[in-house]
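Reviewing the structure listed below.
Derivation of every value follows stated rules applied to the coordinates shown; laboratory data play no part. If you're wondering where the values come from, they're calculated on a predicted model, not measured in any experiment. Quick reminder, even Gly has a Cβ in these numbers, built from the backbone with ideal geometry, and neighbours come from all protein chains shown.
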């Protein structure tokens, strides 16, 4: 009896750690040269799947005032990128499993930050605020400091 | 002296002048960008006497006012030491600005215009003048 309990504890623990090891969220990496170049200069080009299309449309409409910086582009490039982002947004028909990223998000809220979506907050609610202000990380938006392959659309367990 | 000889002499002189200003890592595309800036500078001020690496260094390191509070200086993102990498506000690495460390600097006119446009506005709250731009590139080309 005792043995069985021990055994199942071991199996359970193994099972769990196995699960954790390949846990992680993967989205299709960005395959659009203009987006990679123009949206990847100051931070990684963020995955379009993690915001609804209304967010991208609003953001692309005011690049001159982009989080305290000027990210303005020529109109043609801006339109091209806006189209790409909207087509790959959380709520775009072509995006598989996008609903998880907008879960809990009010239909009329238009978040401009991935880091302010209920999804992102849920996934990071156990991380102390001081981790993000660590000079090596600097910002919540520095995904790649913790998710080493974030630029390939892979958000594996935040490695240090 | 005949006119044609005069011209020959002048062009010889300006050639040697050019050779003296040219940094080790010469790049025709970068020279063309500088030449355009020099033309603009001359148009704005006929007394314009050439770009200066010293002025460029002072401009690069200075704390400016008029821009965004988070970015008072070019060195807020570009490293204090231009041969070292810098970092954006979101923590992304910026390759060194010094041409000696990064030979592909300042040789694509659209990139140069785009980033001067953005960064001068963030730091100074206005466009940079042609002299400021030319000094900046001259300083970093010699670095």
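How crowded by other chains is B:85-94, given as the mean number of beta carbons from other chains within 10 Å of each beta carbon?
Per-residue shielding by partner chains comes out at 6.
Sorted from fewest to most neighbouring beta carbons within 10 Å, what does the list A:23, B:111 look like?
A:23, B:111
Which shape class applies to the range B:27-142: rounded if a/c is under 1.5, otherwise prolate when a/b exceeds b/c and oblate if not, where a ≥ b ≥ c are the square roots of the Cα gyration tensor eigenvalues?
Judged from the Cα gyration tensor, the range B:27-142 comes out oblate (a/c at least 1.5, b/c at or above a/b).
For the residues A:28, A:130, what sequence is obtained by ranking on other C-beta atoms within 10 Å, fewest first?
With the fewest neighbours first, A:28, A:130 line up as A:130, A:28.
Expressed as a whole number of Å, what is the distance separating the alpha-carbon centroids of the range B:74-116 and the range A:77-110?
32 Å
Would you mind giving the mean number of other chain beta-carbons within 10 Å of the Cβ of each residue in A:133-145, as a whole number?
Mean partner-chain Cβ count within 10 Å for A:133-145: 3.
Arrange the following residues from fewest to most other Cβ atoms within 10 Å of their Cβ: A:58, B:143.
So the ranking, lowest neighbour count to highest, is A:58, B:143.
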